[in-house]
1. Once you list every other residue whose beta carbon is under 14 Å from the beta carbon of B:Ile103, what net charge do they have if Lys and Arg are +1 and Asp and Glu are -1?
2. Treat the count of other C-beta atoms within 10 Å as a stand-in for reagent exposure and order A:Glu23, A:Glu31 from fewest to most.
3. So what is the calculated 222 nm ellipticity per residue for the protein assembly as shown, using -39500 (n - 2.57) for each DSSP H run with n of 4 or more, over all residues, to the nearest 500 deg cm²/dmol?
4. If you count, for every residue in A:101-107, the Cβ atoms of partner chains within 10 Å of its Cβ, what is the mean?
5. What does the charge dipole of segment A:1-135 about its Cα centre add up to, to the nearest 20 debye, if the Cβ of each Lys and Arg holds +1 and the Cβ of each Asp and Glu holds -1?
6. Under unit Cβ charges (Lys, Arg +1; Asp, Glu -1), what dipole magnitude, rounded to 20 debye, does chain B have relative to its Cα centre?
7. Using Cβ counts within 10 Å as a stand-in for footprinting exposure, how do A:Ile51, A:Ile29, B:Ile122, B:Ile11 rank, fewest first?
8. Counting partner chain Cβ atoms within 10 Å of every residue's Cβ in A:78-86, what's the average?
Amino acid sequence: MDRRLPDNVATPQQVQLLRIEAESLAAAIGEGARRSKDKPLAKVSADLQAILGKSKITAELLEQTAAWLSQQQTAPVVHFVLPVLPQPELRQRLVAWLRDNLAPNLLASFEHNSGLAGGFVIRTGSVIYDFSFRRKLLDGAAGMKKVMKKVTGV
Amino acid sequence: MNSYYILLGVIALLVVINYVSLFWVSSLQKQLRHARQKVAKPAPSTASTLATVSAEHVIELQAKAEHLMEETVRKSIQKLHDDLGKTTGLINQRVGELSDKVIQDELTKYQGALDEVRQSSIDTLSEVQQAIDKRRGEMEETLAAEVAEEKKHVLERFEQHMGEVVSGYLVETLGQNIDLGAQSSYIFDTLEKHKDELKKALADGP
């Protein structure tokens, strides 16, 4: 199954919810088939619908999707720390960039830390990249000393 | 010290001479009394001899003898008195000279000892002063080095903390109004710039 999570589905929790939804729907479809073939299907969320595509929704498809989602839950997670929580549009752009450029099955989480002042910190596994303005200011302390010397003449 | 012993010996000799003189004068006076008694009471056995000498002549001889004895004693006493006076004067002069010499010697020794003590004190004080000057110089050098080192550390701490203070101020100031939309280009540019590192980190795993 060569497919990719929608870019608005980024966190392991979101994937877990979709998996639970798929499993529930699959169970519901199976139960409905035993009771009445004419009973309508429960409404599918837009995210799950985006994963299922335009294929006919069957219990088998949902079970396969649930299994795939279960695999996706264990995918690597890239953690973003930003000075404020990003708007959904920016979140989707970031997730899209990750999946386009690093790995198609990547998950992402977002936290905020106002002390960063700007920029961001990214962590994957045990590696942390600090691209925040705060870090740049601290690393630029030597340059700041030169500026102060020029200003104060000391 | 020998001068003292000599002086004491001379004084002892003079005392002995005085006693001997007094003893001699005393013996002469005793002889004179015996002679007077013999003249006043002649022995009966010699009456025939005295009979040849008149009583006036005896009295005259007695007066002459007495006068002669008195004169002799007087001269002896006068001579002894003169000698004693001279001796006393010489002794006094000698004692004075010896005293002056002893005092002068002692004063000279005392002056010498004082000079030695003063010189020793001057030398000691000079050494102490030199040691103090040397120690002060060392302490000044040490203090100057410590002050310079401390100044350097203070400046380093100040510069280090200055960076943190300025950074903290900027963070606090900038943290109030953050527009991620305005920063998005920086975020994506940074991600593009470090894409290979991120890929490697993902490949290496947790």
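1. Within the 14 Å Cβ shell, the charges total -2.
2. A:Glu31, A:Glu23
3. Value at 222 nm, helices only: -26000 deg cm²/dmol.
4. Partner-chain Cβ atoms within 10 Å, mean over residues of A:101-107: 3.
5. 140 debye
6. My answer is approximately 3280 debye.
7. On the way: A:Ile51 22, A:Ile29 19, B:Ile122 10, B:Ile11 13.
So the ranking, lowest neighbour count to highest, is B:Ile122, B:Ile11, A:Ile29, A:Ile51.
8. Per residue, the number of nearby Cβ atoms from other chains is 3 on average.
Bear in mind that the values in this text are calculations on the coordinates, not laboratory data. Computed from a predicted model, the values in this text were never measured in an experiment. In this analysis, Cβ positions are derived from the backbone assuming ideal geometry, glycine residues included, and neighbour counts consider all displayed protein chains.
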